[in-house]
Amino acid sequence: MSDNLQEKIEHWFAQGAAAIGNAEAEAAFHELRNGLEAGTLRSAEPDDSLALGWRVNAWVKRGILLGFRLGSMVEMGGSEGLSFVDKATYPARRFAITDGVRVVPGGSSVRSGAYVSKGVVVMPPAYVNVGAYVDEGTMVDSHALVGSCAQIGKRVHLSASAQIGGVLEPVNASPVIIEDDALIGGNTGVYEGTIVRRRAVLAAGTILTRGTPVYDLVRGEIYKATAETPLIIPEGAVVVPGSRAVTSGKGAEWGLSVATPVIVKYRDEKTELSLALEDLLR
């Protein structure tokens, strides 16, 4: 990877439509896409020197957007007779045995520009979008989505129908981050740059967004996103769907409540035993 790739990407992104059809712009984009697929480039990466522990590489996001600008619409088809129309710059990835990734037949797709590490299992149907980073030993279960630029740690289980939202724009915004050894339950949704710290558990049906307050019954705290920071789920927290009463207006009069996630405990030995089955599925 050339030392001045960032300069090239920034230059051609700034050119707007003038970059379309330029061989140097296309070469810079392909170098970036190759780096993303190899895991040597990331849209966000761990950085212990920062308060969040993560650094957003906005120029990488600009490079991904540049790829959409440069790509023309083409027809794509597989040997099974399936037909697709998408940007030529982002075809579906193909894996070999040497990649060490198990992609089970049945309708899954990993877009080019996504990193999928050795030992990852992708169950059908599932989708991993451009800029995503899926680390070793993780399972992406059926109907799960790993959105644009989402960062998934080691030994994470994304259960059936888990939705990890993509955050490509604004380019300086933090993507959704799921740290090592987290369990994301079925039919969950994690969106808008939320960070789920290592070893946390999201029970089935939990929804996390930038506007979601999370009530910690163990520590007596309420976690919210701010203008500067995303919503952060603490390390080892066990989060379940809950509700809170509407205290004013017609909502109070009618006895209504709204959904809100609740931290009911932190992972202990009993929680670990209940998760032991996950290793058998990998």
- Relative to the longest principal Cα axis of the chain, at what angle does helix 58-70 sit, 0 to 90 degrees, rounded to 10? 50 degrees
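Please report, in debye to the nearest 20, how large the charge dipole of the stretch 5-70 is about its Cα centre when each Lys and Arg carries +1 at its beta carbon and each Asp and Glu carries -1 there. Intermediate results must be reported in sequence, preceding the final value.
Details: 7 positive and 9 negative charges, 45 e Å.
Roughly 220 debye, rounded to the nearest 20.
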- Item | Folded to 0 to 90 degrees: helix 23-38 orientation relative to the chain principal axis, Cα | 40 degrees
- Note on the structure: Percent antiparallel among DSSP beta bridges confined to the stretch 1-138, rounded to 5, stands at 60 percent
- Item | Point-charge dipole on Cβ atoms (K/R +1, D/E -1) for the stretch 91-275, about Cα centre, debye to 20 | 220 debye
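Can you compute the charge dipole magnitude of the stretch 130-194 about its Cα centre, using +1 on each Lys and Arg Cβ and -1 on each Asp and Glu Cβ, nothing else charged? Give it in debye, rounded to the nearest 20.
On the way: 2 positive and 8 negative charges, 20 e Å.
For the stretch 130-194, the charge dipole is close to 100 debye.
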- The farthest towards the positive end of the charge dipole of the chain, of the residues I233, Y133, T98, given +1 on Cβ of Lys and Arg and -1 on Cβ of Asp and Glu, is I233
- Query: What does the stretch 5-70 give for Rg and for Dmax, in Å, if only its C-alpha atoms count?
  - Reply: 12.8, 41
- Query: Rule-of-thumb check for the stretch 134-276: C-alpha Rg over 2.2 N^0.38 Å?
  - Reply: 1.06
- Query: Do the sum for the chain: with -39,500 (n - 2.57) for every DSSP H run of n ≥ 4, divided by all residues, what is the mean residue ellipticity at 222 nm, to the nearest 500 deg cm²/dmol?
  - Reply: -5500 deg cm²/dmol
- Hey, if you put +1 on the Cβ of every Lys and Arg and -1 on every Asp and Glu Cβ in the chain, which of V56, P213, W254 ends up farthest toward the positive end of that dipole? W254
- Item | Packing-based ranking, highest mean first, of 22-32, 147-157, 62-72 given that Cβ atoms within 10 Å are counted | 147-157, 62-72, 22-32
- Give the long-range amide H neighbours of W54: residues separated by 5 or more places, or on another chain, with amide H under 5 Å away, using H modelled in the peptide plane at 1.01 Å from N. D47
- Query: For the chain, what proportion of DSSP beta bridges, expressed in % and rounded to the nearest 5, is antiparallel?
  - Reply: 40 percent
- By how many degrees, 0 to 90 and rounded to 10, does the Cα axis of helix 5-14 deviate from the longest principal axis of the chain? 90 degrees
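If packing is taken as the mean number of other Cβ atoms within 10 Å per residue, what is the order of 127-137, 202-212, highest first? Spell out each step's value before the answer.
Details: 127-137: 23.8, 202-212: 18.6.
Per-residue mean Cβ counts within 10 Å order the peptides as 127-137, 202-212.
Values in this text are rule-based calculations from the coordinates and carry no lab data. A quick note: this is a predicted structure, and the numbers were derived from the prediction, not measured. With ideal geometry, Cβ positions are generated from the backbone for all residues, glycine too; neighbour counts draw on all protein chains shown.
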